[in-house]
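A.B. asks: After the structure tokens below, expect a handful of questions from me.
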Amino acid sequence: MLVRHASKAKAVRQTASVASLMDSVSEKDLRDWVKWFSVPRHFVGQPQANREAAETIASLLKDWGYEVSFQGPLYNVVARPKRAGDRMQIVAAHFDSTAFTPGADDNASAVAAMLGCAKAIAGASPKTPVMFVSFNREEDGLLGSLDFVRQLAEKERRRIHCAHVLEMVGFASDKPNSQKMPPGLPVKAPTTGNFLGLLANAKSGKHMNHILQNAKSYLPEFPTMGLHVLLGFEKYLPVLHRSDHAPFWQAGIPSVMWTDTSEFRNPHYHLESDTPETLNYPFLRRVTQLLVAAAMT
């Protein structure tokens, strides 16, 4: 296992067009989306709110010109780019919550970042076209992402350059000792919870490095670090499989998880107190800006 820091990555050349798209990311939009989605919206517990969340995501993506459909019986939202290509990226976030929590960080923050990226690049031409996917039932054993990956045709699987999976990306704190590590994980991390965490395995390590290079180049003051798991070691650590990147890994598809590290930082994890006012919106905006840079380059 290797811990990599953006501050030590090799910088890449900035482009004015990418910087301009990053600047277009609106903190107000992110706040508004988090507030709207922060109601209990479990697939079984609150089916109407769950369906409304899916339909709202689909409506926004349609407004920005994407070709949107609902995939499978779980109502995953899939937005395809206007321009097809031999290769394709995926930016994904689950939209359901646990049954009795508003889920502002888990996972309205990630839905907001996904939407912010989709809006920013809607009129652009990324190097690799981007598909945006919002999974349902992550909170029920990753059922939505499992179904999505299972239904991919082999030809489409081979087209996926990388799947960027967002899992809780809105909570940050500059307080000392605000960051913990999962027990049994043989690495050290900062004890202040103000950084974005990335997680990659052997197939996705190069993609994580590219994200770190973009962070170094476009957002040098934004603490970003990644955990690169080598030699298939992730199979021995179940804690590394707790989000929608896992079905991609299991299928041999490169995937990087983006996270604020969940309960290892956020004391409101899976509680009724996971509300919009607990989030750090400048942090969420920087995550979204970095996502735009990664999607564009």
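The values are calculated or read from the model by the stated rules, or taken from the named source; none is laboratory data. Please read all numbers here as calculations on a predicted model, not as lab measurements. Cβ coordinates were reconstructed from backbone atoms using ideal geometry, including for glycine residues, and neighbour counts include every protein chain displayed. Areas reflect the complete protein model, heavy atoms only, side chains present, ligands, DNA and RNA absent. Shrake-Rupley method; radii C 1.70, N 1.55, O 1.52, S 1.80 Å.
A.B. asks: Note down, for the stretch 116-260, the three equivalent ellipsoid semi-axes (square root of 5 times each alpha carbon gyration tensor eigenvalue), biggest first, whole angstrom. Kindly include the intermediate steps, with their values, before the conclusion.
C.D. replies: Details: eigenvalues 121, 82, 45 Å².
Listed largest to smallest, the semi-axes of the stretch 116-260 are 25, 20, 15 Å.
A.B. asks: Which cross-chain or sequence-distant (5 or more) residues have an amide H under 5 Å from the amide H of S97, H modelled 1.01 Å from N in plane?
C.D. replies: R41, H42, F43
A.B. asks: OK, next. Size of the dipole of the stretch 122-279 about the Cα centre, Lys and Arg at +1 and Asp and Glu at -1 on the beta carbon, nothing else charged, in debye to 20?
C.D. replies: Details: 16 positive and 16 negative charges, 178 e Å.
In total the dipole reaches around 860 debye.
A.B. asks: Find how much the distance from T278 to N177 grows on full extension, using 0.36 nm per residue of separation minus their present alpha carbon separation; answer in nm with one decimal.
C.D. replies: That pair, T278 and N177, stretches by 34.6 nm at full extension.
A.B. asks: Starting from the Kirkwood Rh over alpha-carbon pairs, what translational D in µm² s⁻¹ does the stretch 186-266 have by Stokes-Einstein at 37 °C and 0.692 mPa s?
C.D. replies: Working: Rh = 13.3 Å.
My calculation gives 247 µm²/s for D.
A.B. asks: With both bridge residues required to lie in the stretch 180-274, what share of the DSSP beta bridges run antiparallel, to the nearest 5%?
C.D. replies: Numbers: 3 of 8 bridges.
If we restrict to bridges inside the stretch 180-274, about 40 percent are antiparallel.
A.B. asks: May I pose another question? Would you work out which of L146, S173, P129 lies farthest towards the positive end of the dipole of the stretch 109-183, given +1 charges on the beta-carbon of Lys and Arg and -1 on that of Asp and Glu, about the Cα centre?
C.D. replies: Of the candidates, P129 comes out farthest on the positive side.
A.B. asks: Let me ask another. Using +1 on the beta carbon of Lys and Arg, -1 on that of Asp and Glu, and nothing else charged, what's the dipole of the chain about the Cα centre, debye to 20? Present the calculation step by step, with values, prior to reporting the outcome.
C.D. replies: Details: 33 positive and 28 negative charges, 275 e Å.
Here the size comes out at about 1320 debye.
A.B. asks: Still on this structure, please answer the following. Looking at the chain as a GNM with Cα springs under 10 Å, which of Q213, Q179, Q151 has the largest mean-square fluctuation?
C.D. replies: Of Q213, Q179, Q151, the most mobile in the Gaussian network model is Q151.
A.B. asks: Provide the per residue accessible area, probe 1.4 Å, for the stretch 235-297, rounded to a whole number of square angstrom. Mind showing how you got there, number by number?
C.D. replies: Working: 2230 Å² over 63 residues.
Per residue, the stretch 235-297 has 35 Å² of solvent-accessible surface.
A.B. asks: In whole Å, what are the extents of the stretch 11-109 along the principal axes defined by its C-alpha atoms, from largest to smallest?
C.D. replies: Principal extents (largest minus smallest coordinate, Cα): 48, 30, 26 Å.
A.B. asks: Can you tell me how much longer the chain between T192 and V12 gets when fully stretched, taken as 0.36 nm per residue apart minus their C-alpha distance, in nm with one decimal? Working shown, then result.
C.D. replies: Numbers: separation 180, 0.36 × 180 = 64.80 nm, distance 2.73 nm.
Value of the extension gain: 62.1 nm.
A.B. asks: Quote the charge dipole size of the stretch 131-175 about the Cα centre in Debye, to the nearest 20; the model charges only the Cβ of Lys and Arg (+1) and of Asp and Glu (-1).
C.D. replies: 300
A.B. asks: Let me ask another. Label the stretch 73-155 by shape, choosing from rounded, prolate and oblate, from the square roots a ≥ b ≥ c of the eigenvalues of the Cα gyration tensor; if a/c is under 1.5 it is rounded, and otherwise prolate applies when a/b is larger than b/c, oblate when it is not.
C.D. replies: Numbers: a/c = 3.21, a/b = 1.40, b/c = 2.30.
Because a/c hits 1.5 or more and a/b fails to exceed b/c, the stretch 73-155 counts as oblate.
A.B. asks: Once the dipole of the chain is set up with Lys and Arg at +1 and Asp and Glu at -1 on Cβ about the Cα centre, which of P73, V39, L219 lies farthest towards its positive end?
C.D. replies: L219
A.B. asks: Ranked highest first by average number of other Cβ atoms within 10 Å, how do 153-165, 285-297 line up? Don't skip to the answer; put the middle values down first.
C.D. replies: Values: 153-165: 17.1, 285-297: 25.8.
Output ranking for 153-165, 285-297: 285-297, 153-165.
A.B. asks: Looking at the chain only, what percent of DSSP beta bridges run antiparallel? Nearest 5 please.
C.D. replies: Details: 15 of 37 bridges.
Counting DSSP beta bridges with both partners in the chain, the antiparallel share is about 40 percent.
A.B. asks: Using the structure shown, select from K175/K235; K119/K175; K8/K119; K188/K235; K10/K235; K10/K82 the pairs with a Cα to Cα distance greater than 27 angstrom. Don't skip to the answer; put the middle values down first.
C.D. replies: Numbers: K175/K235 33 Å; K119/K175 33 Å; K8/K119 30 Å; K188/K235 20 Å; K10/K235 30 Å; K10/K82 32 Å.
Flagged as over cut-off: K175/K235; K119/K175; K8/K119; K10/K235; K10/K82.
A.B. asks: Moving on. How many percent of Cα pairs in the chain exceed 24 Å? Working shown, then result.
C.D. replies: Numbers: 19996 of 43956 pairs.
Of all Cα-Cα distances in the chain, 45 percent exceed 24 Å.
A.B. asks: Next up: Using +1 at the C-beta of Lys and Arg and -1 at the C-beta of Asp and Glu, which of G232, L290, P183 has the Cα lying farthest in the positive direction of the dipole of the stretch 139-297?
C.D. replies: G232
A.B. asks: Still on this structure: Ranked from highest to lowest mean number of other Cβ atoms within 10 Å per residue, what is the order of the peptides 107-114, 248-255, 275-282?
C.D. replies: Numbers: 107-114: 30.9, 248-255: 20.8, 275-282: 17.4.
Highest mean packing first, the order is 107-114, 248-255, 275-282.
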